[in-house]
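Nothing in this text is a laboratory measurement; each read-out follows from the coordinates by a stated rule. Keep in mind it's a predicted model, so treat the numbers as computed, not measured. Please note: Cβ atoms are built from the backbone with ideal geometry, for glycine as well, and neighbour counts cover all protein chains shown.
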Protein chains: 2
Amino acid sequence: MIRRRVTIDDIARQAGVTKTTVSRALNDRPDVNPETRARIAEIANRLGYVPSATAKVLRTGRSRSLGLAWPSFTWPGILSILRGVSDVLDELGYQVMLFPLGRGEEAERDLVFRVMPSLPMDGLILILPPGMLRYVGELANRGVPVVLIDDRIEHRDRDFPSVGTTNVMGAREATDHLLRLGRRRIAMITGPMDQDVSRNRLCGYRQALEEAGVPYCDELVVHGNFESHSGRAAVQSLLESGVRFDALFASNDPMALAALRALHAAGVRVPDHVALVGFDDVEATAFTIPALTTVHQPLYEMGAAAARTVVAAAEGRQIERHIEIPTRLVVRESCGAATVPD
Amino acid sequence: MIRRRVTIDDIARQAGVTKTTVSRALNDRPDVNPETRARIAEIANRLGYVPSATAKVLRTGRSRSLGLAWPSFTWPGILSILRGVSDVLDELGYQVMLFPLGRGEEAERDLVFRVMPSLPMDGLILILPPGMLRYVGELANRGVPVVLIDDRIEHRDRDFPSVGTTNVMGAREATDHLLRLGRRRIAMITGPMDQDVSRNRLCGYRQALEEAGVPYCDELVVHGNFESHSGRAAVQSLLESGVRFDALFASNDPMALAALRALHAAGVRVPDHVALVGFDDVEATAFTIPALTTVHQPLYEMGAAAARTVVAAAEGRQIERHIEIPTRLVVRESCGAATVPD
DNA sequence: CTGTTAGCGCGTTCAG
DNA sequence: CTGAACGCGCTAACAG
């Protein structure tokens, strides 16, 4: 059985006032007689009144809901971000609407020119692969609060605020960890060098070596592309080249996992012969044997920070242009910890 | 610079007609002069008109958007479901709003009594942990289309339609695979026996044995609780009991992964000494050495099916009460395949 | 402290 | 084929 929706008019009638007064009372506005307010609250409650978000939006232009644009196809890490966003927004009383960007550029255009103007979103959180920022700048022009989450880019001063992480420092800590364990011939598998993130992680690696006074050695650095198979290829090429190495730092976990497997297949023992470190802290790293030491990306926290930022912007508060959340080294078994000096 | 929103009134004025006509033209209604229609379309386009979803909802009561209630805290599998839902809804032109249920029962009540009546959702997809179905029945009463996704319950005839999977058959196939490989002493780690899913998977195991004429053996069955550590405990208890076994079927992957590790630690070789199979096909299973054979849960497809179903219901079409999507055995290395007879 | 009036943008009668 | 008038539910001037 479907009964008609209870409106402020119904309450007004029962309370013997106008809907204006009801509206004021229910929204905790000043200038309402405490008694009247109480009476209205009681009636609203008794009638099971629930405000119509739609009508409110139409009138006020604000909806307490945000869009979350995500590349639905990729990468499990997105789940952590989503959780971070969702938890914070839930707490702040905001709703989240999901916009998959799987269709690529067309989807982005749709979002910017059709969906956002149509739907009542107070702001937008973007989780975009690098290079997909074709149209979203337009939103910033239009005054829509937008925050970008990207573990790959450490950019300030772009079109809109962003949340990132410390790729350089993460890589430096990882490398440093290997150095402290006494490893000196540390090989590295990079990501695709046209991406900031790859350059940054390589940079961190070099910094650590330099600080430790260990010479950088070109033949120890092999280029990968963040895909699993390139991790395997990298190991093969290292082994074939005959270059000696006692540690391996892979720029991301999929490559590290593949490397582990390739080393295993070649009879190289981890961590005895070669200590291995990855980057990202994907779920699987905890389950391999040996479990993989890796650099944890604070994705949950990044999502949470982005959510807080965009809400702040939507509510007209001042916000930071760029927030950077530190990575954290997760030491597991693949480095043969135990013997850490300090 | 913020310009005022373009409305049908603006178009009407330019076209020299009323907004009534514009509305009709833009919504592909009959009874509009083709010329007028074309002219209106042209003007709308030129002005960059975007309909206000809010106003439409207020007027029509339908929003082309659905709610997706999810227990944000748990289980990576949720990502696949989310993708399935999101992809289908994107294709059908529906929006998805996320409702985290992390706060538990209170969150559910909120959703049912505050959020759904307030927001203009045409339907709701529920991903709920078993036992959390306290208030949602009320939505069904109110005529809101609701579909439940649950890999754990194979229930028909409940309050609302549901999408599930074939736990019994999946377990039977897994066990059968081990039998075909010549294993006869197949141990099993169950889930918590108060859950349907655990009973079903055990049931599948027994069916397979029976069909193969292999006697069911009580001391080969150890009870776990789906948590990692219970997988380790189960292996320890099997080893300590001294019972001979040449295969192990774990009721889910976390337990299987832990079991792999425990066997490894005890010097038991997988698959040589013991063939191992899990259930769920979580990401990590592909990365262990040996990679884990497991039963794939069609989570993506379940999400997709649920989305299609709830849309159908929202649009007044007839729907099935229960959809069951088959599991699929993913053969990797932990059973020592190769020698499969047929 | 409260009521009157107006309108957010749209779809839908009911007349022509 | 088209227009006039109305209302979805709510908030915001402006009066009193």
message = If a residue must be more than 8 Å from chain B (Cβ to nearest Cβ), in contact with a strand residue (DSSP E or B) (Cβ under 8 Å, 6 or more places away or on another chain) and not in a loop (DSSP other than H, G, I, E, B), how many such residues does the range A:109-123 contain?
response = 3
key: Selection status of A:R64, among the basic types (K, R), touching a strand residue (DSSP E or B) at 6+ places or on another chain (Cβ under 8 Å) and more than 8 Å from every other protein chain (Cβ to nearest Cβ)   = yes
remark   = The strands (runs of 3 or more DSSP E) lying wholly within the range A:152-223 that contain at least 1 residues that are within 22 Å of A:V274 (Cβ to Cβ) are A:186-190, A:221-223
inquiry  = Just to check your reading of the model, which residue among B:G102, B:G84 is away from DNA strand C (no atom under 16 Å from the Cβ) and surrounded by fewer than 17 Cβ atoms within 10 Å (Cβ to Cβ)?
reply    = B:G102
key: Selection from the range B:40-81 of residues that are surrounded by fewer than 18 Cβ atoms within 10 Å (Cβ to Cβ), away from DNA strand D (no atom under 16 Å from the Cβ) and among the aliphatic types (A, V, I, L, M)   = B:L47, B:V50
message = I'm trying to understand the selection: among the residues of the range B:13-25, which are crowded, with 18+ Cβ neighbours inside 10 Å and either within 14 Å of another protein chain (Cβ to nearest Cβ) or more than 46 Å from the chain's Cα centre (by Cα) (or both)?
response = B:A15, B:V17
